[in-house]
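What follows is one structure encoded as structure tokens, with my remarks underneath.
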Amino acid sequence: MNGGQGGPFGAAVIDPEGRVYVASNTVLGSNDPTAHAEVNAIRKACREKGTFDLTGCVLYTTCYPCPMCMGAVIWANIKEVLYGAEPEDAAAIGFRDDFIYDYIRGGCRDAKVMRLQRLEKNAECRDLFREYAESERQMY
């Protein structure tokens, strides 16, 4: 935060053996809107552990996870998150997670936030899913 890399967000993944993987928010420094502290900590833990599955790990974070980070935590199979500040604390200083929560609660239908529409010609996309399932590749 003090180095100008991102906001006041930090996170740590602790694995069952007690190893700690710490990261901060680097959205500004990396010009990457997905470089939230939780995502960075998950990426670091996965890279260093050589896995995409963080089952048994715990995530500590300075703030309640935004919807993107919540999704990353769930995809990583982290079942326990401990956080400090509330979403209202982030909103009070200008962070805008609330409209994303509202968009999701509203069924993702607010075109002012994002227009979400299925392609009419989607057979090729669906064929990819069928092909993947038939190849018996690893699920994650």
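Computed from the coordinates I sent, Cα extents along the principal axes in Å equals one of [x] 49, 42, 26; [y] 58, 36, 25; [z] 57, 26, 23. Tell me the label.
So the structure-derived entry is [x].
Please enumerate, by chain and number, the lysines with C-alpha under 27 Å from the C-alpha of Lys44, excluding those fewer than 8 residues away in the same chain.
Lys79
Dipole magnitude of the stretch 1-126 about its Cα centre, charges +1 at Lys/Arg Cβ and -1 at Asp/Glu Cβ only, in debye to the nearest 20?
The dipole of the stretch 1-126 has a size of about 500 debye.
Helix-derived [θ] at 222 nm for the chain: sum -39500 (n - 2.57) over DSSP H runs of at least 4, divide by residue count, nearest 500?
Helix contribution divided over all residues of the chain: -10500 deg cm²/dmol.
Taking the highest mean first, how do the peptides 32-40, 112-120, 68-76, 83-91 order by number of other beta carbon atoms within 10 angstrom per residue?
Most protected by this proxy first, the peptides run 32-40, 68-76, 83-91, 112-120.
Taking 0.36 nm per residue of sequence separation and subtracting the Cα-Cα distance, how much length would be gained by fully extending the chain between Glu17 and Leu128, in nm to one decimal?
Working it through step by step, the gained length comes to 36.1 nm.
Name the long-range amide H neighbours of Thr62: under 5 Å, sequence gap of 5 or more, or other chain; modelled H, no Pro or chain starts.
HN-HN under 5 Å from Thr62: Gly10, Gly84.
Of the DSSP beta bridges with both residues in the stretch 12-140, give the percent that are antiparallel, rounding to the nearest 5.
55
What list of ³J(HN,Hα) couplings, whole Hz, do you get for the stretch 18-34 from phi and the Karplus terms 6.51, -1.76, 1.60, once you set θ to phi - 60° and write x for glycine and proline?
With coefficients 6.51, -1.76 and 1.60, one gets x, 6, 10, 10, 9, 8, 10, 6, 10, 4, 6, x, 9, 6, 10, x, 8 Hz.
A short reminder: the numbers here are calculations on the coordinates, not readings from a lab. Fair warning: this is a prediction, and the values are worked out from it, not measured in the lab. Please note: Cβ atoms are built from the backbone with ideal geometry, for glycine as well, and neighbour counts cover all protein chains shown.
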